[in-house]
Amino acid sequence: VPVDGSHWLSMREVLDMLRQKGHEVVVVAPEISLHIKPSKNFVMKMYSVPYTQEELERDFKAFSHVAFEEGSFFERLFKILENIKRVTYFGVSSCEHLLQNKELIRYLEENKF
């Protein structure tokens, strides 16, 4: 199960190499993501999540920009903590919805994942 962002970008190269060596690769991912997109090199198993592409992009953009904002140390620390909380929501929510997706969990169990 890939994590969006730099983790996925590194993992993608490994998956491409595994496919080239004849392995079947299955990627389980939320339907809304920043970088995880379908490819001919692997099978995608996607599941729904309760947020939109716009929300995800907006909050990740805000997270990356907060380090460059002006203000006192405590103002910036507070903003960083708030942004970490919002960005963490996407990961936690994604995991919850994956585990609640009975059809996908059944597929994974039946295929011995």
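Observations on the model:
- Single residue of region 48-77 satisfying the filter (more than 16 Å from the chain's Cα centre (by Cα) and surrounded by 13 or more Cβ atoms within 10 Å (Cβ to Cβ)) that is farthest from Ser33 (Cα to Cα): Arg76
- Checking Met11 against (1) open to solvent by less than 40 Å² (accessible area, probe 1.4 Å); (2) under 22 Å from Leu108 (Cβ atoms), the condition it does not meet: (1)
- In the set Leu77, Leu81, Leu98, Leu104, only one residue is farther than 20 Å from Trp8 by Cα, assigned to a helix (DSSP H, G or I), in contact (Cβ under 8 Å) with a residue 60 or more places away in the chain and not aromatic (Phe, Trp, Tyr); that residue is Leu104.
- So Ser33, is it polar (S, T, N, Q), assigned to a loop (DSSP other than H, G, I, E, B) and within 25 Å of Val92 (Cα to Cα): yes
- Among the residues of region 28-47, none is identified as closer than 19 Å to Ser6 by Cα, crowded, with 17+ Cβ neighbours inside 10 Å and either basic (Lys, Arg) or in contact with a Gly (Cβ under 6 Å, 6 or more places away or on another chain) (or both).
- Residue that is closer than 23 Å to Glu103 by Cα and of a type in the set (Asp, Glu), where the choices are Asp4, Asp16, Asp59: Asp4
- Hits in region 52-74 (condition: within 26 Å of Val28 (Cα to Cα) and either among the basic types (Lys, Arg) or not in a helix (DSSP H, G or I) (or both)): Thr52, Arg58, Lys61
The values are calculated or read from the model by the stated rules, or taken from the named source; none is laboratory data. Predicted model, so just to flag it, every value in this text is computed and none were measured. Please note: Cβ atoms are built from the backbone with ideal geometry, for glycine as well, and neighbour counts cover all protein chains shown. Heads up: the accessible areas ignore ligands, DNA and RNA and are worked out on the full protein's heavy atoms, side chains in. Shrake-Rupley method; radii C 1.70, N 1.55, O 1.52, S 1.80 Å.
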